[in-house]
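The values are calculated or read from the model by the stated rules, or taken from the named source; none is laboratory data. The structure displayed is predicted, hence computed values, not measured ones. Virtual Cβ from ideal backbone geometry, glycine too; neighbours counted across all protein chains shown. In case anyone asks, the SASA skips ligands and DNA or RNA and just uses the protein heavy atoms, side chains included. Shrake-Rupley method; radii C 1.70, N 1.55, O 1.52, S 1.80 Å.
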Amino acid sequence: MKSKNLLALGIFSLSTAAVVAYGTLPYNTSFSPEEGYFAGSAPGQGWLVRPQTTLVATEHYVRDGQSVLLYHGRPPGFLQRGFAPNGSRIVFVDLFVRPTAAEAVDDSTRIYFDSVGVAFVQQQDGVTIAMTDVSEDRRIQWRDLAYPVTTDTLNRGTEWIRVTLRLDYSRRNGRTHYDIYIDSELAEHDLAFEPRRFGSGRTLSISGALGAESWVDYIYAGADNPMFEDHGTGIPEVW
């Protein structure tokens with residue numbers, strides 16, 4: 001596991017969208033035309049979307065020809081999905097992202113599963129992935145995962161990065177723990193945040209960046225481990 005260093009990037013904050021639309025999105029989706037999803041215009045409720053700054057894009061995608069483009073600016077593109085505490089059984093959230101980095105966390109591409117999050121941060125020696133952590137005085141802070149990210153001149157990621165966040169099975173002192181995987185490798189484990197009474201994740205949110213656009217694709221949320229073929233057969237995808 002790579003060592004982590006404290007980033008002096010301020011305290012975590014997540015603002016709610018002032019202007020939103022609702023759309024439906026399956027837990028496991030490629031945003032392809034066959035699945036009938038277009039951000040901000042699909043009927044029903046489920047995903048919270050900033051429609052003016054979010055759309056289906058064809059410029060970059062993992063496969064099947066589409067991804068979701070999160071426009072840059074203030075506010076940037078934004079997606080959020082709340083999960084019911086009973087019956088949903090959300091243990092993993094998994095997605096592919098082409099992020100945009102910034103010096104300040106709040107200006108970068110960010111992904112949150114409940115209170116655990118990752119962001120893409122520009123530092124003097126290059127772009128890296130940061131994660132949320134809790135200090136001894138119970139303040140939310142950001143720590144460097146020491147995972148380098150290749151970017152272009154606009155600090156946009158040049159490759160898709162797979163981010164997997166897991167609600168850990170262990171609980172200690174009434175607190176739920178989370179694990180972070182980057183490109184299917186464990187990057188950090190046993191991150192403890194606020195107490196939870198539920199054995200299921202509550203919220204997934206994805207925010208765009210200030211300086212340039214971001215893309216996300218193949219969002220999954222569920223109980224099965226998405227990093228294995230056939231949902232938990234024990235055969236790694238790389239095999």
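Quick rundown of the values:
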quantity: Flag if GLY208 is at pLDDT 95 or above and in contact with a Ser or Thr (Cβ under 9 Å, 6 or more places away or on another chain); calculated: yes
quantity: Hits in the stretch 98-107 (condition: closer than 24 Å to LEU167 by Cα and part of a loop (DSSP other than H, G, I, E, B)); calculated: PRO99
quantity: Output for the stretch 116-151, where each listed residue is closer than 17 Å to LEU165 by Cα and open to solvent by less than 10 Å² (accessible area, probe 1.4 Å); calculated: VAL116, GLY117, VAL118, ALA119, PHE120, ILE129, ALA130, MET131, THR132, TRP142, LEU145
quantity: Filter result (at pLDDT 80 or above and of a type outside the set (A, V, I, L, M, F, W, C)) within the stretch 211-239; calculated: GLY211, GLU213, SER214, ASP217, TYR218, TYR220, GLY222, ASP224, ASN225, PRO226
quantity: Evaluation of LEU79 against (1) modelled with pLDDT under 90; (2) in contact with a Pro (Cβ under 8 Å, 6 or more places away or on another chain) (one fails), failing number; calculated: (2)
